[in-house]
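Below you'll find the structure, written out as structure tokens, and then a few comments.
Each value in this text was obtained by applying a stated rule to the coordinates, not by laboratory testing. Since this is a predicted model, take the numbers as computed values, not measurements. Every residue, glycine among them, receives a Cβ derived from its backbone with ideal geometry; neighbour counts consider all protein chains shown.
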């Protein structure tokens, strides 16, 4: 696969703009090595992965103010900074997200440092593009799962705040594993009243069972 993409490099260079997309859903490719940047963007696009390219860390940092990537492919030997330093700046603004580190001087120490910061993998030049695509796809799945959890967490938290004080109190006791009779005794109300509240709680929170309620409450606390 490596040879194939080097073979098409001239074509990519001329028509490169056709393969560069922008937007929050794009993988960000950051490298001031133009040939490497173009080759990576072509490979990812051929694999059905949209990407945006950045020729400097400053360019990427400026864009970071308004957007964040679902996955980052970054050249460690950037001029003026290192790829890992750039990743650290990204993480300080947007939290940890998956990235792939490209380097020309791979060492065990560098790999360990990168993995501790959340790297999917560290690839040496010449890049194994099959491994690159696989790592980026895995990173995108991790990010998609994270965004889904965050959306569920936000939606559930908003619904939970819409409960009455009594409903929130009963929901918390249900979360603790208390049965209706136990809740009734703790709150000095009848079991029937507890059941009425539980019915309203599940309806307002849009859950179908106590198990689902507990899982979503656990999600908001994770």
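Per-structure values
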read-out	value
Search result, residues across region 139-167 that are touching a helix residue (DSSP H, G or I) at 6+ places or on another chain (Cβ under 7 Å) and surrounded by fewer than 16 Cβ atoms within 10 Å (Cβ to Cβ)	149, 152, 153, 157, 159, 162, 166
Region 25-39, subset buried (at least 17 other Cβ atoms within 10 Å of the Cβ) and under 22 Å from the mean Cα position of the chain (by Cα), residue farthest from residue 57 (Cα to Cα)	26
Helices (runs of 4 or more DSSP H) within region 55-134 that include 2 or more residues surrounded by fewer than 18 Cβ atoms within 10 Å (Cβ to Cβ) and over 19 Å from the mean Cα position of the chain (by Cα)	57-64, 108-116
